[in-house]
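Student: Sending over a structure as structure tokens; questions will come in a sec.
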Amino acid sequence: MKKVSIIIPIYKAEDFIEECAISLFSQTYENIEYLFVNDCTPDNSIEILKETLTHFPKRQNQVKVITQNHNQGQAAARNKALDTFTGDFVAFVDSDDYLTDKNIIADTVSILEGDPSISFIQFPYYKDGKTFNKKDLSVDNIPEMYKLWINGKIITNYFCDKVFSRNVIESLRFKEGIIFEDRHLFPSVLNNCNKVVLCSKIGAYFYRTHAGQTTQRNDPHAFQCQIIADMRILQLIPQQLVKEALTVYWRAISNSIAANNHEIIQPYSRSFSEIIGADIPIGIKLRLFIIRLIGLKNYLQIAN
């Protein structure tokens, strides 16, 4: 039986960790490795996790709690687990979320085992009272994957609504010190893929929104991290999709300007041509010339 490693960073999750852990320990699939990473949480999350585990004696030997020596953030916590996981497949779950169906892991593994060319399975997610991405789709072309991903509407930015084959993820690491680390890493994931499958019939990932989440922040650092992630997309995206990537990138900078975070965009507005190379459509070259002439801020104000 193939092994599935589930990676769960823990930080200030005492209000949610029990529900999360129950959903994981209740999975019908037997061969699961649970890697909980204690990112120096200051609350009772670990104690609650250990108490919850006592109700699932068959899972006792499958659970490993890895403790960071200081708080380093979710990206570093995930990377710590990626350094040690032993599964054939990998899933990520945030400690304030949970899996809505006890068969999610079993169902995804069944599909992955049936077609070894599949790089990851994406299943629906539930957020803010709605279920999203109830789609059935198979894609084996990387440019087409990017098209479906670039706006996060078909293939999502999330790592948590997917189960990955080991060979897709084992050499990759999240960029530490930023938020939106999923979006930053995902182009590298797509470039490693042979085929991706979206399946509507596999439960759902319950994505909880609350004020404490890092991605809910509305500050200069959050906008800066979003722009850094979109710059990486420009570096890695197939050349024929540069226009779509630039649209997303400029939208991120526009959002920063709208939030009066003008000062953070300066380092990221200077060298579009270095990022995307000389072989770009004439329309984009014209935009770059105008930006150099009048400045990015003025260009965006005119364009919007």
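The values are calculated or read from the model by the stated rules, or taken from the named source; none is laboratory data. Keep in mind it's a predicted model, so treat the numbers as computed, not measured. We place every Cβ from the backbone using ideal geometry, glycine too, and count neighbours over all the protein chains shown. Accessible surface is based on the protein model in full, side chains and every heavy atom, while ligands, DNA and RNA are left aside. Shrake-Rupley method; radii C 1.70, N 1.55, O 1.52, S 1.80 Å.
Student: Scan region 32-50 residue by residue and report those that are acidic (Asp, Glu) and either touching a Ser or Thr at 6+ places or on another chain (Cβ under 9 Å) or surrounded by 13 or more Cβ atoms within 10 Å (Cβ to Cβ) (or both).
Tutor: GLU33, ASP39, ASP43
Student: State whether one or more residues within region 149-163 are part of a helix (DSSP H, G or I), modelled with pLDDT under 95 and open to solvent by less than 50 Å² (accessible area, probe 1.4 Å).
Tutor: Scanning region 149-163 turns up at least one residue that is part of a helix (DSSP H, G or I), modelled with pLDDT under 95 and open to solvent by less than 50 Å² (accessible area, probe 1.4 Å).
Student: Whether any residue in region 187-200 is farther than 29 Å from ILE228 by Cβ and in a loop (DSSP other than H, G, I, E, B) is what I want to check.
Tutor: yes
Student: Please go through region 101-148 and pick out each residue that is assigned to a helix (DSSP H, G or I), among the hydroxyl-bearing types (Ser, Thr, Tyr) and in contact (Cβ under 8 Å) with a residue 40 or more places away in the chain.
Tutor: Passing the criteria: THR108, TYR146.
Student: Quick one: how many residues across region 88-117 are closer than 12 Å to LEU198 by Cα and open to solvent by less than 10 Å² (accessible area, probe 1.4 Å)?
Tutor: 2
Student: Exactly one condition in (1) touching a strand residue (DSSP E or B) at 6+ places or on another chain (Cβ under 8 Å); (2) not in a helix (DSSP H, G or I) is false for ARG78; which is it?
Tutor: Every condition holds for ARG78 apart from (2).
Student: Can you name the residue in region 16-35 that is in contact (Cβ under 8 Å) with a residue 40 or more places away in the chain and not in a helix (DSSP H, G or I) and is also farthest from PHE120 (Cα to Cα) among such residues? Before you say what the answer is, go through the steps one by one.
Tutor: Within region 16-35, the subset in contact (Cβ under 8 Å) with a residue 40 or more places away in the chain is 16-17, 19-20, 22-24, 26-29, 32-33, 35.
Those left that are additionally not in a helix (DSSP H, G or I): 16, 26-29, 32-33, 35.
Numbers: PHE16: 27, SER26: 22, GLN27: 19, THR28: 20, TYR29: 18, ILE32: 17, GLU33: 18, LEU35: 19 Å.
Checking each candidate, the answer is PHE16.
Student: Out of everything in region 56-74 that is surrounded by fewer than 21 Cβ atoms within 10 Å (Cβ to Cβ) and in contact (Cβ under 8 Å) with a residue 40 or more places away in the chain, what residue ends up being farthest from the chain's Cα centre (by Cα)?
Tutor: Selected residue: ASN71.
Student: Every residue in region 171-181 that is modelled with pLDDT of 95 or more and within 11 Å of the chain's Cα centre (by Cα), please.
Tutor: Result: PHE174, single match.
Student: May I ask you to list pairs of residues, at least six apart or on different chains, whose Cβ atoms are under 6 Å apart, with the first in region 224-242 being farther than 12 Å from ILE178 by Cβ and modelled with pLDDT of 75 or more and the second being open to solvent by 10 Å² or more (accessible area, probe 1.4 Å) and not in a helix (DSSP H, G or I)?
Tutor: none
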